[in-house]
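Structure first, commentary second.
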Amino acid sequence: MSTRLIPPRTESTQPYWDAAARGELVVQQCGACNFHVFPPRANCPACGSSELSWKPVTGQGTIYTYTVAHRAPHPVLAEQCPFTLAVVELEEGPRLMTNIIGCNPEDVEVGMRVQVAYEDIDDSDVVLPVFKPA
Ligand SMILES: [Zn+2]
């Protein structure tokens, strides 16, 4: 049984999941003003253009905020506890909600430098971008 909840994939998020499966982190970028956009949208929130395309990003960022889950919010996640749920601000600007792996939850700090990593979810074809200390 999976120890993860499988994220729903939709037409608008499929390029993100396809890239993760290749070991790449992508966000949308505006062709008119170069603004980086995440989560995916139909129009650029900076200039309104619909010329958005998926582009690789560095995968480097900092922890904007976080919390540590000591009680599983879903039975599937029980084995993961305690785990760190964080909002990571990418170098390119967008913020992603993600997990921090590879360090004790008590060592996580706001402003900590992190780097993307990829986690295969058991019993699925989903690869989940997560972050670890840089
Ligand atoms: Zn724009």
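The values are calculated or read from the model by the stated rules, or taken from the named source; none is laboratory data. If you're wondering where the values come from, they're calculated on a predicted model, not measured in any experiment. Counting neighbours? That spans all protein chains shown, and the Cβs are built from the backbone with ideal geometry, glycine included. For accessibility, only protein heavy atoms count, side chains too; no ligands or nucleic acids. Shrake-Rupley method; radii C 1.70, N 1.55, O 1.52, S 1.80 Å.
Odds and ends about this structure:
- Contact map, the stretch 79-95: first residue under 15 Å from PHE131 (Cα atoms), second residue part of a helix (DSSP H, G or I), Cβ cut-off under 8 Å, separation 6 or more or different chains; pairs are PHE83/LEU77; PHE83/PRO105; THR84/PRO105.
- Residue, farthest from the ligand (Cβ to nearest atom), within the stretch 12-22, restricted to residues that are of a type in the set (Gly, Ala, Ser) and open to solvent by less than 40 Å² (accessible area, probe 1.4 Å): ALA20
- Criterion (within 16 Å of the ligand (Cβ to nearest atom), farther than 28 Å from ASP107 by Cβ and in contact with a Cys (Cβ under 7 Å, 6 or more places away or on another chain)) met by exactly one of ALA46, ALA42: ALA46
Every residue, every condition in (1) loosely packed, with under 15 Cβ neighbours inside 10 Å; (2) closer than 26 Å to ASP18 by Cβ; (3) under 17 Å from the mean Cα position of the chain (by Cα); (4) at pLDDT 95 or above, yes or no:
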site	(1), (2), (3), (4)
TYR66	no, no, yes, yes
VAL76	yes, yes, no, no
PRO82	yes, no, no, no
LEU96	no, yes, yes, yes
ARG113	yes, no, yes, yes
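- Of all residues in the stretch 23-51, those that are open to solvent by less than 60 Å² (accessible area, probe 1.4 Å) have Cβ atoms under 9 Å from Cβ atoms of residues that are within 6 Å of the ligand (Cβ to nearest atom) and in a strand (DSSP E or B), 6 or more apart or on another chain, in HIS36/CYS30; VAL37/CYS30; CYS44/CYS30; SER49/CYS30.
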